[in-house]
Structures are given as C-alpha cells and as structure tokens.
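Following: one structure in structure tokens, then a few remarks.
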Amino acid sequence: MCVGLSGGLDSVVLLHSLKALRGDLNFVLSAVHVDHGLSPNAGAWAGFCERLCADWQVPLTVARVQVKQAGKQGLEAAARTARYAAFAEQVGDDIVLAQHRDDQAETVLHQLLRGAGVKGLAAMPAERNLAAGPMRLLRPLLDLDRTDLQAYAEAHGLAYVEDESNLDPGYTRNFLRHHVLTEIERRFPAYRSTLARAARHFADCDQLLDDLARADAEHAIADGCLMVSGLAALSPARARNLLRFYLIGQGWPAPPADWLAEALDQLIHARPDAELRLRLAGRSLARYRDRIHVLDVLPEAEMTERLWQGEAVLTLPGYGQLEFARAQGQGISAARLDQAPVSVGPYEGGGEIRPDCRRPRRTAKKLMQEAAVPPWERRQLPALYCGAQLVWLAGVGVDCDFQAGPDEPGWLISWRR
C-alpha cells in the first residue's frame, strides 16, 4: 500500500493513520512524494517528507516529474496528469490518496460549472483502477471533512507543510474554495454532505448508463468494431451513450458532448462509400462501410521507392520492413525478377494484378475493396515492382505471371509493420 504524500495536512494524517494500522492489519506500507518542480519550496517539501518517513520507518520514493501542458490543458490538469503517471510507476497493489469530503464537494461544483456529464459529476470514486497498470487507487477519507483531519492532526501533534499555491485564487479550485463555497456554506451549512450525496447519485446513474451501453453493444459490436447500423437503430441519446462507452473502452478520454453529437451525426449520415475521419486527442475515428474503426493518429510518413538488390531485409522507414526468404516452388519466381530492376515503393492506387491464375486480371483497388481493406490501410501497403510491372502487393499476393513454378527457385516476402 503506497500513500501519495504531498506533505500537507491531508496526506500526513492519512500516512499517520495507516502507520498505526499496519501492524494489526499486516500490510506493507510505503509512500511516494511527487515533486512537480513548480514551487520554489519544492525541495523543502521533499526534504520534509524524507525526514517524516525516516522517523516513521516508512519507505519513501521521491518522484520528480516534468509538467507539460498540451493543447488547452491548464496547469492544474497537467500537474495532475504527471502526478498520476508517477503513481502508476510505483510498486504495490494500491495507491492511497487523502482526498476528503471538502475535495469531493469542490470537484462536484467544478464539474457542474464545466458542463460535465454524469460521469464527471460522479466526481471522485472511493476506489478505481489506475488507467495505466493493474494498481487500484483508494480514497479512504472521502467521508471525512477537512475539520476532522485538522482535529486528528492536533490530537496527535502532527506537523505538515503548507503549499502557498493553495491561496492563489488564479487556480479554479482555490477560487471555489475561498470565494464561492464560503458563501454557499453560510446558506447551506451541510453542503459538503449534500454534494457528496449528489456525487453518489450521479455515480449510480453513470453505472446504469454503462450497463445500458453494454446491453446495446451486444447487438452493435462485431469483431471489436462498432457497427454504424447498430448506432442508427438506437435513439439519439442511447447512440451517443454507446459511442461514448465504446470510445472510452478503446482508451479515449471522455469526448466532449458537442464533438460526440457531431461525430454521431457524421457517422450515421455519411455516404457508405465516403472516407470519413474524425480526430480527437491524438486518436482518429474512421468509418468504412458499416464499421467504425478507432485508429492512432500517426505522423505522416512518406515511403520512397527503393531498389531491392537481394538483401534479406529491406527497411521502409515509417512502414516497417520487408523480409525476403528463399523458397522452392512457391513465392515470386527468382528468374522472372532477374529480367528487370526490382523496386519497392508505396501502393498509390494504380496498377492491375492477378493473384489467382484462375481469374482475370483486375485492379488492385478492386481486389482490396472485395477484401474490405479500408482506404487508409491501402495507402500504407508496400508494393514490389519488376520494371513497371506490379508483381506483389502486401495483403493481396503475387501476380500470376511472376509466381514460381513447381521446383523453381522463388522468393517469399513477409511484411512486418
């Protein structure tokens, strides 16, 4: 069990209480302090945590991270991303954090003001799996107020550090804490419990929506791909719920509501032969025929034509590599390849090929359409030419005129991305 130790009141109280329990409950206790490098006092905080853990005989890891903001991500969110990445690298079954009921109330209000959906308004769960790795994240203090933690610290004479950034109203949470929630408390003294209860209601709703999406997915997902026809058969609200559930299950961040609505409209109403690509957060959503594919958005790579001179491996930057193996009576005829220079380049949509000698010559594009190869994959296929003749195309095969005859020396080509 590893405690996320900032050195502040909340995490010091958590570590102290777990230290008192480890003997009776027989668990291994450790701590991790994440140094974001954002405060001039960061070194002093790390030193405090090191001395505290040494006194309490708790192994401590100090993880120094770089906070990198991406896109419209604010500093708070970027620091959180870096912090949770550091948590995921720790050894153990559980990461234990010290968020309490005040934090939960702030989170609910913040998410409400952001226009978050049910999942966001469910705020912080008491237990969940970390996105990266098998570790669980536990928050055992969510039913306690900050005043409860202060009373505990005073009763046990605990020292802790104060983060000066907690007073900066430029951060959204601090503004809510010091300017909004103080006013709310005057009219609604029990707001912490009320908002925490609302978070539990939203969590129940989120679970029900996930259960509904799983039921809808049974009729709308085939071979891991979401079917356009399955979405079209649902009401708009259920279709959006299923699409959101599917994307999150594929590793996407929760998509914004406006993007989700527009994506659903385009996916359902685009022409069947349209090459539709929708992008969000470094991922790409594509439709081909009745299927929706989730893809990584990779840097554009250009395959340049290269001569093949008999080497066993030909590396194609950005496209993988071709491996050539000698064979007998199969593959590409070695004698035919000797008749003209052999080159490897990108398939650019033209040329005819006849991989089945029993059938007429057809365009490679037609063959790939019959094999349901999506358009974006076609442009990633390497092709081998003898002179100007298309001899071999990855995923399609060897042209009949170049296939090795019985007992004839040949070349087998395999493509590894």
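The values are calculated or read from the model by the stated rules, or taken from the named source; none is laboratory data. Because the structure is a prediction, the values reported are computed rather than measured. Cβ coordinates were reconstructed from backbone atoms using ideal geometry, including for glycine residues, and neighbour counts include every protein chain displayed. What goes into the accessible areas is simple: the full protein's heavy atoms, side chains included, and nothing from ligands, DNA or RNA. Shrake-Rupley method; radii C 1.70, N 1.55, O 1.52, S 1.80 Å.
Residues checked against (1) over 23 Å from the mean Cα position of the chain (by Cα); (2) within 30 Å of Tyr385 (Cβ to Cβ):
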{"site": "Asn241", "(1), (2)": "no, no"}
{"site": "Trp259", "(1), (2)": "no, no"}
{"site": "Arg291", "(1), (2)": "no, no"}
{"site": "Arg306", "(1), (2)": "yes, yes"}
{"site": "Gly318", "(1), (2)": "no, yes"}
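Taking the numbered list (1) among the acidic types (Asp, Glu); (2) modelled with pLDDT of 85 or more; (3) open to solvent by 60 Å² or more (accessible area, probe 1.4 Å) in turn, Glu323 passes all entries but (3). Scanning the stretch 7-48 for residues being among the charged types (D, E, K, R), out of contact with any His (no Cβ under 8 Å at 6 or more places or on another chain) and within 20 Å of Ala82 (Cβ to Cβ) gives a total of 1.
Could you tell me which residue of the stretch 35-55 is farthest from Gly92 (Cα to Cα), considering only residues that are part of a helix (DSSP H, G or I) and open to solvent by less than 50 Å² (accessible area, probe 1.4 Å)?
The selected residue is Ala42.
The listed residues are Val32, Val13, Val58, Val28, and the only one of them that is at pLDDT 90 or above, surrounded by 20 or more Cβ atoms within 10 Å (Cβ to Cβ) and more than 25 Å from Glu164 (Cβ to Cβ) turns out to be Val58. When restricted to residues that are assigned to a loop (DSSP other than H, G, I, E, B) and surrounded by 14 or more Cβ atoms within 10 Å (Cβ to Cβ), the stretch 397-414 contains 3. Among the residues of the stretch 139-183, just one is open to solvent by less than 50 Å² (accessible area, probe 1.4 Å) and in contact with a Phe, Trp or Tyr (Cβ under 6 Å, 6 or more places away or on another chain), namely Val161. The number of residues in the stretch 64-80 that are at pLDDT 80 or above, in contact with a Leu (Cβ under 9 Å, 6 or more places away or on another chain) and not in a helix (DSSP H, G or I) comes to 1. Confirm whether Asp148 is more than 20 Å from Ser30 (Cβ to Cβ) and free of Cβ contacts under 8 Å to residues at least 12 places away in the same chain. Spelling it out, it is not the case that Asp148 is more than 20 Å from Ser30 (Cβ to Cβ) and free of Cβ contacts under 8 Å to residues at least 12 places away in the same chain.
Results for (1) without any contact (Cβ under 8 Å) to a residue 12 or more places away in the chain; (2) in contact with a helix residue (DSSP H, G or I) (Cβ under 6 Å, 6 or more places away or on another chain); (3) among the β-branched types (Val, Ile, Thr); (4) on the phi < 0 side of the Ramachandran plot, shown as yes or no for each residue.
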residue	(1), (2), (3), (4)
Ser343	no, no, no, yes
Pro346	no, no, no, yes
Pro355	no, no, no, yes
Ala364	no, no, no, yes
Met368	no, yes, no, yes
Val373	no, no, yes, yes
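Considered as a group, the residues in the stretch 99-122 that are among the aliphatic types (A, V, I, L, M) and open to solvent by 20 Å² or more (accessible area, probe 1.4 Å) include one that is modelled with the lowest pLDDT, and that residue is Ala116. Contact map, the stretch 215-229: first residue at positive phi, second residue buried (at least 18 other Cβ atoms within 10 Å of the Cβ) and charged (D, E, K, R), Cβ cut-off under 9 Å, separation 6 or more or different chains; pairs are Asp223/Arg291.
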